[in-house]
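The values are calculated or read from the model by the stated rules, or taken from the named source; none is laboratory data. Keep in mind it's a predicted model, so treat the numbers as computed, not measured. Note: ideal-geometry Cβ built from the backbone for every residue, glycine included; neighbour counts use all protein chains shown. For the accessible areas, the whole protein counts, side chains as well, though only heavy atoms, and no ligand, DNA or RNA atoms are used. Shrake-Rupley method; radii C 1.70, N 1.55, O 1.52, S 1.80 Å.
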Amino acid sequence: MGTVLETNSVRTDRRSRRIVTVEAGIPPLHRLHEVYRVTDRQGHEPREHRFTLSPTADMLLHEVLTEPEEKAAEFVEMFRACFLAEPTPAMLALKELKDAGHLVGPVITNNFDVLAALAGLDECFMRRYDQAVPDVEWIDGAKALLVVGLHADRRKVQARVRERGMQVVYLDPEGFWRDGEFMPYPLEGPQDGDLVCRATAAEAPPAVVNLLKQQRD
């Protein structure tokens, strides 16, 4: 398990990163699992959502036939949210850090909303099915990978970073609020030597920008 930093203000010169866009109003990926009935929700925690593997247990076709208008609205809600969303303060803060020379390289992302590009950041898209381990553009001089909101390293980006001798830093609250209760959602990927900052993307990047501005002043 990585070292945990219980803080919302992080002093860093990290040079590669992943970001999430839930704060922009775009539902998390598991919302598509709900819409298409990929999983059989048994509880509130993500690990309690079992994959639907039996045709007799698949309710998607039944819902399309019995509730076509409601289901059609669900089918487009993710894409509508992507079209309407704008870059978040966290993304704009990362752009400031890049412009100041503290971040280099592309945003390595699974997201298809292109919000990072709209914020003026280069993107390296990883959710590809023609390659199990897509290529990544590594930048000379990069010291660390900042992982934001990603719980599993299925594209082996973090593993490749460690092989290069770079630091892996996680920015994640390791949980989420539901109906006034904090639901734990621990990270799956930290290894010995990694750093974990338990804060949200909405909190930490703007705090870093403000801290650096205070140091300059």
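Summary of computed values
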read-out: By average C-beta atoms within 10 angstrom, highest first, the peptides 82-91, 65-74; value: 82-91, 65-74
read-out: Full-extension gain in nm, R80 to D140, via 0.36 nm per residue minus C-alpha separation; value: 17.8 nm
read-out: Solvent-free Debye scattering, log10 I(q)/I(0), computed from the Cα coordinates of segment 117-184 at q = 0.22, 0.23 Å⁻¹; value: -1.09, -1.14
read-out: Top positive-direction residue, dipole computed over segment 82-217 with Cβ charges, set L150, F176, M126; value: M126
read-out: Shape category assigned to segment 102-217 from the gyration tensor of Cα positions, a/c cut at 1.5; value: rounded
read-out: Positive-end residue of H102, P27, A57, charge dipole of the chain with Cβ unit charges; value: H102
read-out: Scattering profile of the chain at q = 0.10 Å⁻¹ [log10 I(q)/I(0), Debye over alpha-carbon scatterers]; value: -0.50
read-out: Of all accessible heavy-atom area on the chain, the percent that carbon and sulfur account for (1.4 Å); value: 53
read-out: Candidate lysines for bridging to K213, where Cα separation is under 20 Å - those fewer than 8 sequence places away on the same chain excluded; value: K95, K98
read-out: Solvent-accessible area per residue, Å², over segment 71-137 with all protein chains present [probe radius 1.4 Å]; value: 52
read-out: Amide hydrogen neighbours beyond the local backbone of G175, cut-off 5 Å, H modeled; value: Y185
